[in-house]
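All of the numbers you see were taken from the coordinates with simple rules; none came from a lab. Just so you know, these numbers come straight off a predicted model, no measurement behind them. Glycine gets a Cβ as well: all are built from the backbone with ideal geometry, and neighbour counts include every protein chain shown.
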Amino acid sequence: MTGRLLPGLLCAALFPALACAADPPGLLRAEDFRHYVDALNQSDREDVNGGIPNAEAWTWMTRNVPFLACPDSELELTYYYRWWAYRKHIEKTGAGYVITEFLRQVKHSTDYNAISCALGLHIAEGRWLHDARYLDAYVDFWLHSGEGGGLQEHFHQFSGWLADALYDRWLADGNQPRLLVQYAGLRKDYAAWEQERLTPSGLFWQRDVSDGMESSISGGRKVKNLRPTINSYMYANARALAAIAGMAGDATARAAYEHKAAALRKLTQERFWNPKDQFFETVREDGNSANVREQIGYTPWYFDLPAQGKGFEVAWKQLMDPQGFYAPYGPTTAERRHPEFAIAAQGDDCQWNGPSWPFATSITLRALANVLNAYPQNSVSAKDYRKTLDIYTRSQRLKLANGQVVPWVDENLNPLTGVWWARELKLRKKTYYGRGDHYNHSSYADLVITGLVGLRPRADDVVEVNPLAPPEWDWFALDRVPYHGRELSILWDRTGERFQRGKGLRIFADGKEIAHAATLTRTTGRL
């Protein structure tokens with residue numbers, strides 16, 4: 001029975017043979033989800049792995065990941081698959097732990113096959129692990145160590161939002177001393193970006209390939225455009241550094257970073273907003289708008305950049321529009337109505353002129369959750385969030401040669417057919433070598449935790465939960481969530497019969513109830 005649930009205190013009494021000696025006491029019994037990992041191990045060739053082999057995957061997961069139970073078995077499966085796949089990418093190296101993007105060596109990586117492109121998403125996902133060593137070492141690798149040092153070429157090979165990601169990690173774990181140790185390195189990193197990419201206009205330039213988004217309609221590998229991506233990242237980094245400076249008692253730096261963030265916010269809203277298209281769009285080298293809606297126009301909301309009450313949220317009407325970004329295996333990376341939209345069988349395998357990329361979908365879904373949590377608007381709804389997440393969930397599948405369908409994440413998708421497109425093109429060209437297998441370039445668990453279940457990390461000791469879960473669900477639970485040095489459990493039980501903990505939405509910290517509500521609604525409790 002998928003996701004069979006029992007209160008932790010009843011586990012040993014009712015199932016003595018499965019007494020769960022390895023299970024910490026909690027709401028969900030880990031053993032009830034082991035079948036997912038057993039099936040994943042059985043279907044995996046394991047010809048390449050990180051530092052934690054499949055034989056150790058289940059033990060690692062029971063010690064590290066929050067456990068989820070819900071009525072949607074496909075979502076539940078994908079949730080455990082993505083933790084299983086994340087584990088594959090943890091490498092123990094001579095420089096400590098590194099989290100890879102590709103399982104196989106690629107030529108554009110640095111030491112230990114490390115690539116900085118998805119670093120922000122690696123941190124967003126990894127902050128929910130119980131063992132902090134993996135992220136601690138990986139962040140140190142980029143900021144401080146050897147050839148992978150934070151100010152060196154390979155780190156700035158791709159745009160990123162490291163300061164913001166680490167501040168977000170602090171919102172989840174409350175470890176201020178660690179964040180303050182990283183403060184000096186993050187300041188140097190920001191200054192390096194200003195030296196390399198800041199233009200006299202006050203905005204940052206970037207090539208699409210250095211945003212990890214080659215062959216886009218608005219850009220090119222050698223074209224230095226002003227893009228809403230890098231400018232949103234730098235706004236978020238400045239905002240985070242202002243907050244960290246405040247923690248450090250550095251009032252001068254705090255004021256300086258607040259000024260930088262305010263300037264970038266103002267310029268991003270003024271320069272990238274195309275009033276004709278009602279969308280944030282790339283500005284080309286000649287100063288004119290690229291005049292194409294691309295999915296990167298949603299990136300500013302990932303960082304809560306657009307001001308409320310200015311009408312920017314109208315852009316979200318394009319998400320579910322079949323002429324905009326909606327597709328059965330989407331969303332697409334460029335609007336479908338544009339004449340240059342393509343799912344091309346020629347040219348670069350990794351094109352961003354139409355195919356659906358999990359990287360972009362991850363950013364869009366978190367941005368959408370932010371909109372639904374904080375922006376008064378009528379352009380998009382929680383139902384649209386759930387539908388987009390559902391498409392993303394069910395697109396993470398691959399049909400093997402024997403006909404078996406297995407959980408899978410790769411580089412990009414044909415948004416109309418669900419075929420992993422870069423993989424398909426390599427197979428056609430007979431150049432396939434498994435480069436994108438279990439590609440660690442996106443997030444999923446973080447979207448379930450902070451969006452669907454609705455845990456909204458905060459700086460204070462208030463736990464806030466605002467679920468975007470389907471109202472027709474009678475129950476769900478998220479258990480063993482590390483948060484501010486405590487362990488949270490969040491459950492919804494319409495009748496109270498599923499978990500025997502009472503009706504409604506309930507939040508527990510270290511097993512003690514701190515809040516409840518009769519309906520699926522925003523609920524808060526104090527640690």
For Asp173, Asp437, Asp164, ascending order of other Cβ atoms within 10 Å (fewest first) is Asp173, Asp437, Asp164
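Give the Rg/Rh ratio for the chain, taking Rg as the radius of gyration of the Cα atoms and Rh as the Kirkwood radius, to two decimals. The partial results should precede the final answer.
Numbers: Rg = 22.3 Å, Rh = 23.6 Å.
Rg/Rh: 0.94.
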Neighbour-count order for Val409, Val448, fewest beta carbons within 10 angstrom listed first: Val409, Val448
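For an R0 of 41 angstrom, estimate the FRET efficiency from the Cβ-Cβ distance between Leu427 and Arg526 and round to the nearest 0.05.
Values: r = 55 Å, r/R0 = 1.33.
For R0 = 41 Å, the calculated efficiency reads 0.15.
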Compute the relative contact order of the range 236-275 as a whole-number percentage, counting only Cα pairs closer than 8 Å that sit 6 or more residues apart in sequence. 38
Name the trypsin sites (Lys or Arg not before Pro) in the range 194-257 that are in a loop by DSSP and that have at most 10 other C-beta atoms within 10 Å, would you? Lys222
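Which value at 222 nm does the chain reach when only helices count, each DSSP H run of 4 or more adding -39,500 (n - 2.57), with the total divided by all residues and rounded to the nearest 500 deg cm²/dmol?
Values: 14 runs with 178 residues, N = 527.
Helix contribution divided over all residues of the chain: -10500 deg cm²/dmol.
Over the chain, what is the mean sequence separation of C-alpha contacts under 8 Å (at least six apart), divided by residue count, expressed as relative contact order in percent? Could the numbers behind the result be given before it?
Working: 996 pairs, mean separation 75.3, N = 527.
After rounding, I find 14 percent.
The range 37-134: which GluC sites (Glu not before Pro) are DSSP loop and have at most 12 other beta-carbon atoms within 10 angstrom? Don't jump to the answer; show the numbers that get you there.
Values: sites: Glu46, Glu56, Glu74, Glu76, Glu91, Glu101, Glu125; in loops: Glu46, Glu101.
Listed in order of number, the matching sites are Glu46.
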What is the magnitude of the charge dipole of the chain about its Cα centre, with +1 placed on the Cβ of each Lys and Arg, -1 on the Cβ of each Asp and Glu, and no other charges, expressed in debye to the nearest 20? 540
Between 0 and 90 degrees, rounded to the nearest ten: what's the tilt of helix 382-395 against the longest Cα principal axis of the chain? 90
Out of every Cα-Cα pair in the range 149-204, what percent are more than 13 Å apart? 64
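Quick one: order Cys350, Cys70 by neighbouring beta-carbon count within 10 Å, fewest to most.
On the way: Cys350 18, Cys70 22.
The most exposed by this proxy come first: Cys350, Cys70.
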Out of residues 5 or more away from Thr93 or on other chains, whose amide H comes under 5 Å of its own, with H placed 1.01 Å from N in the peptide plane? Val98
Sort out for me the Cα centre separation of the range 58-115 from the range 362-385, rounded to whole Å. 27
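Using only C-alpha positions, report the orientation-averaged shadow area of the convex hull of the range 362-514, nm², one decimal.
On the way: hull surface 49.4 nm².
About 12.3 nm², averaged over all directions.
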Net charge dipole size for the range 455-527 [Lys, Arg +1 and Asp, Glu -1 on Cβ; Debye, nearest 20]: 100
Express the C-alpha Rg of the range 455-527 as a ratio against the empirical globular expectation 2.2 N^0.38 Å, rounded to two decimals. 1.02
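With a cap of 11 neighbouring Cβ atoms within 10 Å, and only residues DSSP puts in a loop, list the chymotrypsin sites (Phe, Trp or Tyr not before Pro) found in the range 350-434. Mind dumping the intermediate values first?
Details: sites: Trp352, Phe359, Tyr385, Tyr392, Trp408, Trp420, Trp421, Tyr432, Tyr433; in loops: Trp352, Trp408, Tyr432, Tyr433.
Listed in order of number, the matching sites are Tyr433.
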